[in-house]
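This report concerns only the one structure given below.
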Amino acid sequence: MVMVDGRLDEVQYTRPQEQTAGIMASFLRFLRQIMVPTLVLCGLAVMAFVERSQPVSLLGVLSFSDARVDPGPWFTMGHIWLLAMFGIVNLTSRRYGAGVATGSVVLTAAVLGGVWAYAAYGAAHVVLSEEMIGALVVQPMAYAMALSLVTGLLVAVVVFDLVRGRPWWKAPLLAPLIGGAVFVGLFHTLGDTALTGTFVERAVVHFAVVTFATLVMLVIYHMLRSLIPPAPGYGGA
């Protein structure tokens, strides 16, 4: 009880134990929220690695003015799986907001970084073939893909959070487009010496694929909106 303006008022005090319990509950809730998107992102990354050598020819041998339309031998099914990660990040941002989406991307990067370190410096030969270990530790491409992908996904999270609202399609459209542009630019800059063709040719075709994938993911996103509603406090999108 305290004296306020000549009268006694009751003041509620929060005990340290209650504060600690609240922090722990919030932390556990955060871990529970990031678990599913992290597992899905890791699964997509594994699929991308497994099908890293499977080439994709989007339009066969079609060409206009003697210019190839398909990306070329550097573009594989692995890139398709990686682009799907932007769709998962979109849905995570819609449901839980930027904090959980960022946490999912960071945790996924940490898990995959641990796998890479184990393959490069640990006893990975016990569970992985020599071919897989060799593919994991090819440093130029590994660094280029990892840095560009994580950066692109984090940019997508920020963009989604900044523009979410009405109309519903704005955030899930702009987030992967801008994040994908960052991913493409960094990937072809950092991995330039290990890729075939010129930077401009690769980047333009790659971004065209990102744009097409974004439109496909937008349709899927719209279909899942009723199944994955925003948590309380996250409206729009």
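Okay, residues lined up against (1) under 15 Å from the mean Cα position of the chain (by Cα); (2) modelled with pLDDT of 85 or more; (3) open to solvent by 30 Å² or more (accessible area, probe 1.4 Å):
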position	(1), (2), (3)
Ser26	no, no, yes
Met35	yes, yes, yes
Cys42	yes, yes, no
Phe64	no, no, yes
Pro73	no, no, yes
Asn90	yes, yes, no
Residue that is farthest from Leu147 (Cα to Cα), among those in the range 165-218 that are open to solvent by less than 60 Å² (accessible area, probe 1.4 Å), modelled with pLDDT under 85 and not in a helix (DSSP H, G or I)
Gly197
When you go through (1) part of a helix (DSSP H, G or I); (2) modelled with pLDDT under 65 one by one for Ser57, which number turns out not to apply?
(1)
Within the set of pairs 6+ apart or on separate chains, which have a first residue in the range 202-214 that is under 10 Å from His188 (Cα atoms) and in contact (Cβ under 8 Å) with a residue 24 or more places away in the chain, a second that is among the hydrophobic types (A, V, I, L, M, F, W, C) and part of a helix (DSSP H, G or I), and C-beta atoms under 8 Å apart?
His206/Val184; His206/Phe187
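The values are calculated or read from the model by the stated rules, or taken from the named source; none is laboratory data. Model, not experiment: these values are computed from the prediction. A quick note on method: Cβ atoms are made from the backbone with ideal geometry, for glycine too, and the neighbour counts reach across all protein chains shown. For the accessible areas, the whole protein counts, side chains as well, though only heavy atoms, and no ligand, DNA or RNA atoms are used. Shrake-Rupley method; radii C 1.70, N 1.55, O 1.52, S 1.80 Å.
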